[in-house]
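Remarks on the structure that follows.
Derivation of every value follows stated rules applied to the coordinates shown; laboratory data play no part. Model, not experiment: these values are computed from the prediction. Positions of Cβ are generated from backbone atoms using ideal geometry, with glycine treated the same way; all protein chains shown enter the neighbour counts.
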Amino acid sequence: MSDWLLVVDMQPGFGHPDSPWCTPGYDAVAERTGRLVAAYGEQVLFTRFLPPAAPQGAWQPYYDRWPFAVDPARAALWDLDPRWAGRSSISSPRFAKWREAAPHLPGDATLAICGVATDCCVLGTAVEAVDDGRHVRLIADACAAGTPALHEAALTVMRDRAPMLVLTDTAAELALRAG
């Protein structure tokens, strides 16, 4: 069995202050993520949110509300954060990234998950991984949401998934990797 770090949506679209989807706390999450990535080495997979070229169904009114996301002139928002350029990543137009990530991870891997946004893409990905039978450690202080209240609400939901999904923090995760 192996442990892998799954880093959810660390992209300029969620970190750049000019983005309508800028996530407060992104920089602190990025700093912690950097330490985690170093500890995991090659056992890291990044996800990227990539808006669809032609939104369909319920996504149409969503992108009508957020047209910047599908503006070709702003496509760089959906690149991987430059700190991790060149690292292995998958992309998906869905909030939850598990379907796309699963084929790239060993079938017996326990997942440590961090990233943004706790209440959306992180939550969806973690719950889908658990539904698929994976053990998940959510690194709570290496995640952020649009507000502290949303972050805490999502953690409350995930805390209730124990023992399949457990909350941890960066210090504990790094100690586990060093041990």
Taking amide hydrogens as modeled 1.01 Å from N in the peptide plane, which residues meet the under 5 Å criterion relative to ASP141, leaving out close sequence neighbours?
THR170
Pairwise centroid distance, computed over Cα atoms, of region 132-179 with region 18-38, Å
15 Å
Any idea how far apart ASP132 and ALA178 come out in nm if each label point goes 7 Å out from Cα toward Cβ?
3.1 nm
Which whole-number percent gives the relative contact order of the chain, counting Cα pairs below 8 Å spaced six or more residues apart?
28 percent
Over the Cα atoms of region 14-82 the radius of gyration and the largest Cα-Cα distance (Dmax), both in Å, equal 14.6, 41
Output ³J(HN,Hα) for region 12-29: one whole-Hz value per residue in order, computed from phi by the Karplus curve 6.51 cos²θ - 1.76 cosθ + 1.60 with θ = phi - 60°, and x for Gly and Pro.
x, x, 10, x, 6, x, 7, 7, x, 9, 4, 9, x, x, 4, 4, 5, 5
If you place +1 on the Cβ of every Lys and Arg, -1 on the Cβ of every Asp and Glu, and leave all else neutral, what size is the dipole of region 3-178 about its Cα centre, to the nearest 20 Debye?
140 debye
For region 3-178, with the dipole built from +1 on Lys and Arg beta-carbon atoms and -1 on Asp and Glu ones, taken about the Cα centre, which of GLN11, THR47, VAL166 lies farthest toward the positive end?
THR47
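When the helix-only estimate is applied to the chain (DSSP H runs of n ≥ 4, each -39,500 (n - 2.57), divided by the residue count), what is the mean residue ellipticity at 222 nm, nearest 500 deg cm²/dmol? Write out the running numbers ahead of the final one.
Numbers: 7 runs with 60 residues, N = 179.
Calculated at 222 nm, the ellipticity per residue is -9500 deg cm²/dmol.
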Just to verify a number: FRET efficiency for TRP66 and THR156, C-beta to C-beta distance, R0 = 30 Å, to 0.05?
0.70
Cβ-based charge dipole, region 23-179, positive-most Cα from ALA73, PHE95, ALA149
ALA73
Quick query: amide H of ILE90 versus all other amide H atoms, modeled in the peptide plane; which residues come in under 5 Å with a sequence gap of 5 or more or a different chain?
PHE46, THR47, ARG48
In sequence order, what are the phi-derived ³J(HN,Hα) couplings for region 148-160 according to the Karplus relation 6.51 cos²θ - 1.76 cosθ + 1.60 with θ = phi - 60°, rounded to whole Hz, with x for glycine and proline?
x, 5, 5, 4, 5, 5, 5, 4, 4, 4, 6, 4, 6
Size of region 1-156 along its principal axes in angstrom, Cα-based, largest extent first?
44, 34, 31
For labels at GLU42 and ALA73 in the simple 7 Å Cα→Cβ model, what's the distance in nm?
4.3 nm
Given 4 °C and 1.567 mPa s, how large is the Stokes-Einstein diffusion coefficient of region 98-138 in µm²/s, with Rh as the Kirkwood radius over Cα pairs?
127 µm²/s
So what's the net charge close to MET10: Lys and Arg +1, Asp and Glu -1, counting the other residues with Cβ under 14 Å from its Cβ?
+1
